[in-house]
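Note sheet for the following structure.
The values are calculated or read from the model by the stated rules, or taken from the named source; none is laboratory data. On a predicted model such as this, the values are computed, not experimentally measured, just so you know. Neighbour counts run over all protein chains shown; Cβ positions are idealised from the backbone, glycine included.
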């Protein structure tokens, strides 16, 4: 097969050579045509070369600029030296507050676990607070706003001390929670709140999810437009299991809720 291919190539070359020998003018025309194309070919090549060179220069400049700037916000340096003293002061205040809560809880005859909620902000729509298990901070809380005259589903419960237990009634909300939370049995109930019923501690995001109940979460976003909490479901699951364990040990649980003036009330 290779032999036949070689013979075919030799034959084609021989025909081409004989053609140009007997037609020299055609060879001259082809040569002039080729010479005429040299200029455009060279110009095209030069243009491509310039384009590649410019692209490389831009790339080098961009890399140099990136080296001069921080790679990201995480790598940038933020001067927080001015806040260090204030942070230390706040830490001392919180530590002192925790000790006062602990001292007060030990001062009465209650035997069991005390949960404390310290409300610290109310914008007329939403109340934010801090939840402590005994003397240790646990999470944020979010409730409805304070109202002198109760508006159903839009008013936080009064400050005070209330017993906490499971509300062992199969309500529609209980059914809803059971469908989405395998670990859930019954709602955690804040008992005997005057002029309120079915006050629970549960998960949610903002005041539209409370209807007088307490929402808990690890994270919070407070802006001029809206107060919102995050990671509420995970926080609530952790809180729920903790309460369930305490109640399984037949211990009493109570919650002490203090309004925004709580600092004066415990000093």
Test: residue in region 68-76 that is in a helix (DSSP H, G or I) and modelled with pLDDT under 95: yes
Enumerated helices (runs of 4 or more DSSP H) restricted to region 167-265, each holding at least 3 residues that are under 29 Å from the mean Cα position of the chain (by Cα) and in the same structural domain as residue 124 (by TED's automatic domain parsing): 172-180, 232-248
Complete set of residues in region 205-232 that are surrounded by fewer than 22 Cβ atoms within 10 Å (Cβ to Cβ) and within 19 Å of residue 132 (Cα to Cα): 218, 219, 220, 230, 231
When residues of region 133-147 are limited to those that are surrounded by fewer than 18 Cβ atoms within 10 Å (Cβ to Cβ) and touching a helix residue (DSSP H, G or I) at 6+ places or on another chain (Cβ under 8 Å), the one nearest to residue 199 (Cα to Cα): 145
Residue 141 vs. criteria in the same structural domain as residue 230 (by TED's automatic domain parsing), in contact (Cβ under 8 Å) with a residue 24 or more places away in the chain and outside any loop (DSSP other than H, G, I, E, B): yes
